[in-house]
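Below: the structure, in structure tokens.
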Amino acid sequence: MGSLPTLAAVFLLTLAALYGLGMMSASLFLLWGREAWHLANLAQEPIYLLSGFYFPVKNLGFWVAVGASIIPLTLGLDAMRQLLFPSGAALGFLTVPVEVAVLAVLCVLFLVAARWLLGYMERMAIREGRLLESRR
Amino acid sequence: MSTPIYQSTSLPKTLSSAWRSFRIATWLGWQIESNWTDPILFAIYSMLKPLASAAILVVMYGVITNGQFENPIFPYIYLGNAFYIYVGAVMTGVSWAVIDDREHYRTLKYIYVAPIRLPAYWLGRGVARFLTGSFAVIITLAAGVLFLHVPFHPARVDWPLFLLSLMLGVVMLALMGLVLASISLMIAHHFFLIGEAVAGALYLLSGAIFPLEVLPPWLRPLGFAMPITYWLELLRRSLLGDLARGFPTLSGFSNGQLLGILAGLSVLFGLLAAVTYRLCDHQAREKGLIDQTTNY
């Protein structure tokens with residue numbers, strides 16, 4: 001098993017990137033209302049499948065795993081498995097340092113994009129009077 | 001408010017009222033389920049979710065067994081998982097209507113004073129999910145047959161047994177949903193759906209993706225007490241024939257015996273649904289829970 005602080009750091013980094021992605025998606029709820037809720041629900045299983053939630057993402061093949069890496073959960077889980085299990089490195093997709101670097105980039109990218117998107121959507125919602133809208 | 005506001009006395013009137021409630025609720029449920037987007041997105045939604053769910057299971061199976069898709073356990077798992085879609089869909093469809101009407105649309109109090117039969121109304125609201133669930137089951141089965149070589153030969157399928165089991169099973173699931181709908185009258189609106197939560201718990205116990213022998217001995221009786229176990233076995237036997245009989249869990253039972261057990265347990269759940277509805281309805285009226293809004 002890798003060091004506990006490294007494991008905790010990867011966990012927090014993954015969580016921060018997921019927060020950024022979640023905040024980006026939050027702006028869609030303002031735009032689409034109930035449709036966004038269903039789309040979030042729809043995305044659940046494909047994300048479980050692509051992120052390697054139940055199996056090592058390596059098994060999906062290189063290019064699918066590369067595409068799935070846009071979801072922070074993919075590389076976060078892969079890195080944490082590598083740090084936790086003795087056999088993790090053999091099952092891992094990329095090396096832990098590479099995965100951490102990509103996660104850090106995703107984290108910054110998603111948080112910046114979330115800030116911009118939420119600001120944009122808020123301005124649009126104020127302009128169009130959607131803040132108090134209740135779509136059934 | 002201790003007695004129902006609307007009550008027919010004669011049986012034909014009761015049945016006519018129940019049928020009308022069921023029919024209108026079916027139409028309403030379909031409108032609610034399908035009106036949030038355009039038909040194309042709705043079709044994609046109905047296809048992508050079950051296919052991704054089945055793909056997770058297939059990849060997991062492939063990783064664990066090193067791709068032994070010819071093993072008889074694969075169709076056993078695949079069919080169990082495909083038909084289990086009905087469990088979540090029907091139970092959630094029926095039980096979620098209570099929360100949806102009470103918390104989201106805030107119309108449950110009006111429905112209570114309307115001239116309808118509430119249990120029939122809830123059953124009707126579940127039909128929409130049954131239809132979308134059927135769509136998902138068919139797509140999942142088709143993907144299994146076309147791409148994963150799940151053995152399916154229409155000429156060898158025992159169609160009468162399949163249709164009878166399917167019908168009986170859906171009725172049984174709707175009655176289980178009715179139990180949950182009655183309980184929903186008493187509980188707050190949580191993020192999770194009670195139907196899906198119960199379906200998730202029963203997934204482990206009903207032999208959907210593994211024979212009950214895999215469970216620890218002290219958990220097996222729970223599996224044998226669940227009608228879903230017998231329902232899935234009947235569906236597998238009707239579709240796979242001798243291949244399904246190779247698994248030891250219920251091999252000692254004939255098809256007729258399994259149908260009898262399933263019918264008996266369904267009647268039992270029907271009685272349980274009636275008792276639970278009376279109890280929960282009474283409590284909800286007494287405690288003023290009919291028009292509560294607890295969403296947070």
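Miscellaneous remarks
- Percent RCO, i.e. relative contact order, over chain B, from Cα pairs under 8 Å lying at least 6 residues apart: 27 percent
- Between residue B:162 and residue A:84, the modelled labels are 4.1 nm apart [label points 7 Å from Cα along Cα→Cβ].
- Computed over the stretch B:1-133, the alpha-carbon pair-distance distribution with 10 angstrom bins reads 11, 31, 26, 17, 11, 4, 0, each value a whole percent.
- Within the protein assembly as shown: Cβ-based charge dipole about Cα centre, in debye rounded to nearest 20 (Lys, Arg +1; Asp, Glu -1): 840 debye
- Spin-label model distance (nm) - residue B:147 vs residue B:242, 7 Å beyond Cα toward Cβ: 3.1 nm
- Sparse-neighbour loop sites [chymotrypsin sites (Phe, Trp or Tyr not before Pro); the stretch B:140-203; at most 16 other C-beta within 10 Å; DSSP]: B:152, B:191, B:192
- Once the Cα gyration tensor of the stretch B:77-118 is diagonalised, semi-axes √(5λ) in Å: 31, 11, 4
- FRET efficiency for the residue A:44 to residue A:126 pair, using the beta carbon distance and R₀ = 30 Å, is estimated at 0.45.
- Taking the alpha carbon gyration tensor of the stretch B:55-128, multiplying each eigenvalue by 5 and rooting it gives semi-axes of 42, 12, 5 Å, largest first.
- For the stretch B:97-175, a simple Cβ point-charge model (Lys and Arg +1, Asp and Glu -1, everything else neutral) yields a dipole of about 220 debye relative to the Cα centre.
- Cut-off 12 Å (backbone N to label point 7 Å along Cα→Cβ of residue B:201), residues of the stretch B:73-115: none
- Summarising the label geometry, the points placed 7 Å from Cα in the beta-carbon direction at residue B:190 and residue B:210 lie 2.5 nm from one another.
- Distance histogram in 10 Å bins (all Cα pairs of the stretch B:84-159, percent per bin): 17, 34, 24, 14, 10, 1
- Qualifying chymotrypsin sites (Phe, Trp or Tyr not before Pro) in the stretch B:208-274, DSSP loop, other Cβ atoms within 10 Å at most 10: B:218
- A 1.4 Å probe run over the protein chains yields, for the protein assembly as shown, 50 Å² of accessible area per residue, whole-number rounding.
- Here the convex hull built on the C-alpha positions of chain A has a volume of 109 cubic angstrom per residue.
- Here the protein assembly as shown yields Rg over Rh of 1.00, to two decimals, using C-alpha coordinates and the Kirkwood radius.
- Put a plus charge on the Cβ of each Lys and Arg, a minus charge on the Cβ of each Asp and Glu, and nothing anywhere else: the dipole of chain B about its Cα centre is then about 620 debye.
- Under the span-like rule (Cα at least 24 Å along the axis, Kyte-Doolittle mean at least -0.5), DSSP H helices of chain B: B:11-34, B:39-65, B:73-99, B:127-147, B:159-184, B:255-286
- Semi-axis lengths (Å, descending) of the ellipsoid that matches the C-alpha gyration tensor of the stretch B:182-225: 27, 11, 7
- Two-decimal ratio, the stretch B:177-268, of alpha-carbon radius of gyration to 2.2 N^0.38 Å: 1.23
- Here the calculated FRET efficiency for residue A:37 and residue B:107, from their Cβ-Cβ distance with R0 = 30 Å, stands at 0.95, rounded to the nearest 0.05.
- Computed over the stretch B:122-231, the percent of Cα pairs more than 19 Å apart is 59.
- Stokes-Einstein diffusion for the stretch B:215-290, with the hydrodynamic radius set to the Kirkwood value over Cα pairs and evaluated at 20 °C in a medium of 1.002 mPa s, equals 146 µm²/s.
- Alpha-carbon spread of the stretch A:41-90, three principal axes, descending order, Å: 35, 21, 15
- Solvent-accessible area lost on pairing B with A (1.4 Å probe, both sides summed) amounts to about 1700 Å².
- Whichever aspartates and glutamates have a C-alpha closer than 20 Å to that of residue A:58, once near sequence neighbours (fewer than 8 apart) are set aside: A:45, A:78, A:99
- Annotation: Cα Rg of chain B relative to the compact-globule expectation 2.2 N^0.38 Å equals 1.06.
- Computed over the alpha carbons of the stretch B:118-177, Rg followed by Dmax gives 14.4, 45 Å.
The values are calculated or read from the model by the stated rules, or taken from the named source; none is laboratory data. Since the structure is predicted, the reported quantities are computational estimates derived from the model, not experimental observations. Positions of Cβ are generated from backbone atoms using ideal geometry, with glycine treated the same way; all protein chains shown enter the neighbour counts. Side chains are part of the model used for accessible areas, which takes the heavy atoms of the whole protein and leaves out ligands, DNA and RNA. Shrake-Rupley method; radii C 1.70, N 1.55, O 1.52, S 1.80 Å.
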